[in-house]
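The values are calculated or read from the model by the stated rules, or taken from the named source; none is laboratory data. It should be emphasised that the depicted structure is a prediction, and the values quoted were computed from it without experimental measurement. All Cβ positions, glycine included, derive from the backbone under ideal geometry; neighbour counts span all protein chains shown.
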């Protein structure tokens, strides 16, 4: 673990990252834009947009993932190594180690993450601190189960600890929050409407999980940076390109959540 452990933080961002993706090995570390990987790009955007929220990269303890730990330390953020397969326990251990009570959970394969929507999510959660809060694409369908890749979720550490006691299902423990939002009778769950039109997002895939995803995202990111687009402007651009939407639809169909 990196130093600065055992501090006391009401909110903390935890990015889960590893090199061992079955569909695209090392996708978060390979050069994506100007020699930077997706993970580095996300760290820099989050630090710029949420400078007062502690940022933690939680990777696995397998040797190949040491490079992720080292990158986080090099970039000046906190780093943690935990279970490779039990991602739920990795989050619990990282949050305990760094004293985080409310976790802003982020996956490391989302280069277009909408930082402003995270600010809105934190503001609402402070007003109404439920066990789990996120945006929804459809009623009861959290963005984590979509392919859009621009939103985050907040979960209380206590809720994760209770979830861990309730299930040993490895699929649940790999997806971290699944049991919580699927059992609103056991946990306090609140969904917010996405800032953009939900109908505009269901057929868009900006998360990176395959080689084609990576290539499409690289091309879009060049335009995103070159034109200083907001996320909404990026979505408008994607929706104006029928060929691009067709490719994304094919990827969504072939890579179900």
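Residues in segment 60-81 that are exposed (fewer than 15 other Cβ atoms within 10 Å of the Cβ) and part of a loop (DSSP other than H, G, I, E, B): 61, 62, 76. Of all residue pairs spaced 6 or more apart or on separate chains, those with beta-carbon atoms under 8 Å, a first member in segment 121-148 that is part of a loop (DSSP other than H, G, I, E, B) and a second member that is modelled with pLDDT under 90 are 146/137; 146/201; 146/202; 146/257; 147/255; 147/257; 148/137; 148/201. Hey, any hits in segment 211-226 for a residue that's part of a loop (DSSP other than H, G, I, E, B) and either in contact with a helix residue (DSSP H, G or I) (Cβ under 7 Å, 6 or more places away or on another chain) or modelled with pLDDT under 95 (or both)? The answer is no, given that none of the residues of segment 211-226 is part of a loop (DSSP other than H, G, I, E, B) and either in contact with a helix residue (DSSP H, G or I) (Cβ under 7 Å, 6 or more places away or on another chain) or modelled with pLDDT under 95 (or both). In segment 89-103, the residues that are under 20 Å from residue 61 (Cα atoms) form Cβ pairs under 9 Å with partners that are modelled with pLDDT under 95 and part of a helix (DSSP H, G or I), at six or more places apart or across chains, as follows: 89/173. Scan segment 221-250 for residues that are under 13 Å from residue 148 (Cβ atoms), surrounded by 17 or more Cβ atoms within 10 Å (Cβ to Cβ) and within 19 Å of the chain's Cα centre (by Cα) and the total you get is 3. For the residues 185, 161, 84, the requirement of being assigned to a loop (DSSP other than H, G, I, E, B), over 23 Å from residue 213 (Cα atoms) and touching a helix residue (DSSP H, G or I) at 6+ places or on another chain (Cβ under 9 Å) singles out 84.
Taking the criterion of being modelled with pLDDT under 85, closer than 20 Å to residue 113 by Cα and either touching a helix residue (DSSP H, G or I) at 6+ places or on another chain (Cβ under 6 Å) or exposed (fewer than 14 other Cβ atoms within 10 Å of the Cβ) (or both), no residue of segment 1-35 qualifies.
Scanning segment 95-120 for residues that are more than 22 Å from residue 207 (Cβ to Cβ), in a helix (DSSP H, G or I) and out of contact with any helix residue (DSSP H, G or I) (no Cβ under 6 Å at 6 or more places or on another chain) yields 96, 97, 98.
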